[in-house]
Amino acid sequence: MQQPVLREINGPKAFETTFSVSRETVERLKTYERLLQHWQKTINLVAPSTLMQVWARHFADSAQILRFAPANPKTWVDLGSGAGFPGLVVAILLAEKAGTPADAGPKCAPTKVVLVESDSRKAAFLREVAREVAVPVDILPMRIEAAATQASLKRAAVVSARALAPLPRLLALAAPFFGPESVGVFLKGREASRECQTAGLEWNFESELVPSLTDPEGRVVVVRKIQPKARGNKA
């Protein structure tokens, strides 16, 4: 089956069709877009040049990573969530799978989604969006590398991040939240292959580089089995 070119998504209808989501989910994302446009006036949440392309550059870009996650992840940790991409979009899409008590049909167990964002203003924005769209998420306004952050979180089924740090640094930030079956899904740019090579000097890990569906030069780096290399074994 040919993969859709998600960078062609120009609004709610195209997003709904491409990802086969409900109208309720689309309405939640419309609310998200409205709040993003409003808060952007006082807080630099995203690059101003992307505000007219929210559905492709932010919503679809975030949504595409769900294909790399387990069918029903128990926990999902998003590092450096910023304006909520990809973590809060993921939470909105996973909420549809879980359903509500009033819905008909089979339900999935709800995924616990944790957004880690140390900037207090961005964390406030995330809380406002989560409240408005009525999607449960845990928001930690703490630094990722802080001992308190790591102590408060258990191993996650999925760890995600977008444009947070070069991969060697990103693996160091993500490793405390990894278990034997965890998967990391990281949205990266054109230097993804080089970053994987550099990270291999300090880390043992399995990786797959998948072309982004929203950025012709971007890659989704899917990582498993992260282990630091022993000192003196970085060849």
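The values are calculated or read from the model by the stated rules, or taken from the named source; none is laboratory data. Keep in mind that this is a model prediction, so the values were computed, not measured. FYI the Cβ positions are ideal-geometry reconstructions off the backbone, even for glycines, and counts take in every protein chain you see.
Descriptive notes on the structure:
- Taken as a whole, region 193-215 holds no residue that is in contact (Cβ under 8 Å) with a residue 12 or more places away in the chain, under 27 Å from residue 123 (Cβ atoms), among the aliphatic types (A, V, I, L, M) and surrounded by 14 or more Cβ atoms within 10 Å (Cβ to Cβ).
- Per the listing 154, 225, 229, 188, the residue uniquely surrounded by fewer than 17 Cβ atoms within 10 Å (Cβ to Cβ), among the basic types (Lys, Arg) and within 25 Å of residue 122 (Cβ to Cβ) is 154.
- When residues of region 159-170 are limited to those that are of a type in the set (A, V, I, L, M) and buried (at least 24 other Cβ atoms within 10 Å of the Cβ), the one farthest from the chain's Cα centre (by Cα): 167
- Region 1-100 holds helices (runs of 4 or more DSSP H) entirely within its bounds, and those carrying 2 or more residues that are touching a strand residue (DSSP E or B) at 6+ places or on another chain (Cβ under 9 Å) and either among the β-branched types (Val, Ile, Thr) or surrounded by 15 or more Cβ atoms within 10 Å (Cβ to Cβ) (or both) map to 87-98.
- Selection count, region 46-63, where residues are in contact (Cβ under 8 Å) with a residue 60 or more places away in the chain and more than 15 Å from residue 189 (Cβ to Cβ): 3
- Residue, nearest to the chain's Cα centre (by Cα), within region 71-96, restricted to residues that are at pLDDT 95 or above and of a type in the set (D, E, K, R): 78
- Scan of region 174-212 for residues that are among the aliphatic types (A, V, I, L, M), more than 15 Å from the chain's Cα centre (by Cα) and not in a strand (DSSP E or B), ordered by number: 175, 192, 199, 201
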